[in-house]
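**Q** Mind having a look at this structure? Questions to follow.
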Amino acid sequence: MRQPMQMRTDWTLLSTLLLLATMFLLPEARANEPMLAIRMADDDSAIYAVSEIVSLGFEDEETLVVESETGSDNYATELIRLIEFLFEFSTTDDPTEAAALIKAIHLFQNQPNPFSPKTQIRFELPRAGQAELQIFGPDGRLVRTLATGEREAGSHTVHWDGLDETGHRAAGGVYFYSLQAPGIKESRRMILLP
């Protein structure tokens, strides 16, 4: 019975390690002050400046431990809805103010990531208008258009089943998804597992 929990924990740990590795191995992808956000099932959130995290890991299969310069916090993994690394640039020195700026993000990280065979992408439009969400390969080639046309203001979720425009399964690897709408041009990276 514990096998599904173990797999979920392993994927959560793997995702966390991949994002940390990306942060430290690809410095040009780092923001001025990257943040770690832990979103709980009760819609509560804990946000840490990555530079202040001393260690991050699992105490056992059921507890995520975040040790920061100010102390240690424990989170029951069954209550964690989402763990995000936020790489948005800001001009503020206060991480709390930077966290408030996250509301300005229009294109969110796909969930799950890495994924196989499907994932969902959420985006928000501040006003109604033409919107286009496309997926590109690492070579810049268009893989698939997921959404195009007039959209109402508000939150939207689109699913990608890992297929290209011709209906063939896309190869495992890194892909980029891009949202274009009036006043918005944002892109993010995702990983499709083989």
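**Q** If you check residue 112 against the conditions, is it over 18 Å from residue 35 (Cβ atoms) and modelled with pLDDT of 85 or more?
**A** Considered against the rule, which asks whether it is over 18 Å from residue 35 (Cβ atoms) and modelled with pLDDT of 85 or more, residue 112 comes out as yes.
**Q** Looking only at the range 105-148, count how many residues are assigned to a strand (DSSP E or B) and either surrounded by 19 or more Cβ atoms within 10 Å (Cβ to Cβ) or touching a Cys at 6+ places or on another chain (Cβ under 7 Å) (or both).
**A** Residues in the range 105-148 being assigned to a strand (DSSP E or B) and either surrounded by 19 or more Cβ atoms within 10 Å (Cβ to Cβ) or touching a Cys at 6+ places or on another chain (Cβ under 7 Å) (or both): 10 in total.
**Q** Another question about this same structure. Can you tell me how many residues in the range 157-181 are small (Gly, Ala, Ser) and in a loop (DSSP other than H, G, I, E, B)?
**A** Residues that pass the stated criteria total 5.
**Q** Among the residues of the range 172-188, write down those that are under 15 Å from residue 112 (Cα atoms) and surrounded by fewer than 15 Cβ atoms within 10 Å (Cβ to Cβ).
**A** 172, 173, 174
**Q** Can you tell me which condition residue 78 does not meet? The list is (1) modelled with pLDDT under 90; (2) assigned to a strand (DSSP E or B); (3) of a type outside the set (S, T, N, Q); (4) surrounded by fewer than 14 Cβ atoms within 10 Å (Cβ to Cβ), and all the others hold.
**A** Answer for residue 78: the failing condition is (2).
The values are calculated or read from the model by the stated rules, or taken from the named source; none is laboratory data. Only a predicted model underlies this, so the values are computations on that prediction, with no experimental measurement involved. Cβ atoms come from the backbone with ideal geometry, glycine included; neighbour counts cover every protein chain shown.
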